[in-house]
Amino acid sequence: MTTDNDQFTEYGAHYDATEQWPLRSQLEAPSFLAVLGDLTGRSILDAGCGSGFYLRRYAQLHAGRLIGLDPSAGMLAVARAQAETARLETTFVQAGLAEAGRFGPVDLVTAVYVLPYATSLNELAAMCRGAADALRPGGRFVAFALNPDFAPDPEYYRPYGFTLDAKTEPGEGQPVVLASHLFDPPAQVVAHRWSRQAHDNALRDAGFQSITWAAPSPTEAGIAEHGAAFWADYVNCPHALIVSADRP
Ligand SMILES: C[S@@+](CC[C@H](N)C(=O)[O-])C[C@H]1O[C@@H](n2cnc3c(N)ncnc32)[C@H](O)[C@@H]1O
């Protein structure tokens, strides 16, 4: 898919502002980076790189070759500008995760909040195949997926900056509107709720093994700054989970 992804092109102009949110900087990113482990010298393809938040973190952590993929021209424009300011050598390509195989082999493929934008089980499967195709044997795919058991109350996540509103009866691929209320007007995108089983099947069918799921948690600094009570609801029911899978 090299066509532009409309719902993110508009969002792209502001998306890098989300990088400062406590939820992202003090819970999401530290948890994700902890799962990735030592990145020194490792080649990484970040699919759905958005504004390049994770690519910049990988560079700071002394990763090797970096490739950023995103179907959204708006997101890529922000990512390129940010990388230029930070003087980072990153290759950016307008492409979706399903096409990632063309840009490997790499040691690690990451995809933060990308799998929820699969609009069908076939697309979810194609994304997982794309990740597998981009990895060298022994490589690893790590993603932040939408927690299929996210809180049913759309307002539950408002203290963390967004609302999450499932629009139809629960079911595989149910559309979910995520609105970021730290923007005026709120920025809205439509994601899809896929069960753990659907993720696991798509990953296994793509040839992945050792699939593990982990919940994110805040850093000590985050707890000291905002208090344990601020984080409690999110930790009880996170809206996203980290899924990790190995390519044999
Ligand atoms: C919520 S943003 C997350 C951006 C970035 N990963 C981050 O965490 O800051 C989702 C991104 O996924 C991208 N995306 C949507 N569909 C995709 C696909 N099929 N393959 C790769 N990226 C996709 C969007 O363009 C958008 O940049």
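Throughout, read-outs are computed from the coordinates displayed, never taken from laboratory work. These figures come from a predicted structure and were not determined experimentally. Positions of Cβ are backbone-derived with ideal geometry, glycine not excepted, and every protein chain shown enters the neighbour counts.
Label region 132-225 by shape, choosing from rounded, prolate and oblate, from the square roots a ≥ b ≥ c of the eigenvalues of the Cα gyration tensor; if a/c is under 1.5 it is rounded, and otherwise prolate applies when a/b is larger than b/c, oblate when it is not. Kindly include the intermediate steps, with their values, before the conclusion.
On the way: a/c = 2.21, a/b = 1.42, b/c = 1.56.
Oblate.
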Report for the chain the percent antiparallel among DSSP-assigned beta bridges with both residues inside it, nearest 5.
60
Report the longest stretch of the chain that contains none of the GluC sites (Glu not before Pro) sitting in a DSSP loop with at most 15 other Cβ atoms within 10 Å.
1-88
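Counting Lys and Arg as +1 and Asp and Glu as -1, each charge on the Cβ, what is the dipole of the chain about the Cα centre in debye, to the nearest 20?
My answer is approximately 740 debye.
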Of Q94, W231, L23, which is farthest along the charge dipole of the chain in the positive direction, counting Lys and Arg as +1 and Asp and Glu as -1 at C-beta?
Q94
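Can you give the Rg to Rh ratio of the chain, both from alpha-carbon atoms, with Rh computed by the Kirkwood formula?
Computed over Cα atoms, the ratio is 0.93.
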In whole percent, what relative contact order does region 47-131 give with Cα contacts below 8 Å and a gap of six or more residues?
34
Contact order relative to length for the chain, counting C-alpha pairs under 8 Å separated by 6 or more residues, stands in percent at 20
